[in-house]
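A short write-up of the structure that comes next.
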Amino acid sequence: MRKDFNETGRKSVEPAGPLEKELMQACEKGETAKVADLIAKGANVFVSSEKPLLLAAANGHLEVVKLLVAEGSIGIMRYTAPTFQAKANGHYEVANYLKQALRQRQWKDNPPKAA
């Protein structure tokens, strides 16, 4: 798989189009229903190296983070920046969720080898 595609085959978008700009604003504000609607309309969650995930995590919007992760928004950043921002801003529940999701992703990508 190419580096600029995630596991669902959706390409990271540069620069952001109108839907993606609206998506980033909704993620930053924690508007879960609007985020879901924009994704359904085709907004790409991988815009600007997954900035929607970073914005939602940094502002402590757990339900938006869960929605973005469910859409596969883990391919580029691997949660390091969103997890760091969530923790730095005191959003420990979001940071812990992202750490757990990352562990699950790593297990999926690299299952343990049989002895």
Checklist entry - From Gly60, Gly75, which residue is buried (at least 18 other Cβ atoms within 10 Å of the Cβ), at pLDDT 90 or above and outside any helix (DSSP H, G or I)? => result Gly60
Item to check | Yes/no for Gly42 being over 20 Å from His91 (Cβ atoms), in contact (Cβ under 8 Å) with a residue 40 or more places away in the chain and not in a helix (DSSP H, G or I) | outcome: no
Item to check | Filtered residue count, region 37-57, keeping only those that are out of contact with any Leu (no Cβ under 9 Å at 6 or more places or on another chain), of a type in the set (Gly, Ala, Ser) and at pLDDT 90 or above | outcome: 1
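The values are calculated or read from the model by the stated rules, or taken from the named source; none is laboratory data. The model shown is predicted, which means the values in this text are computed figures rather than measured ones. Note that we place each Cβ from the backbone using ideal geometry, even for glycine, and neighbour counts take in every protein chain shown.
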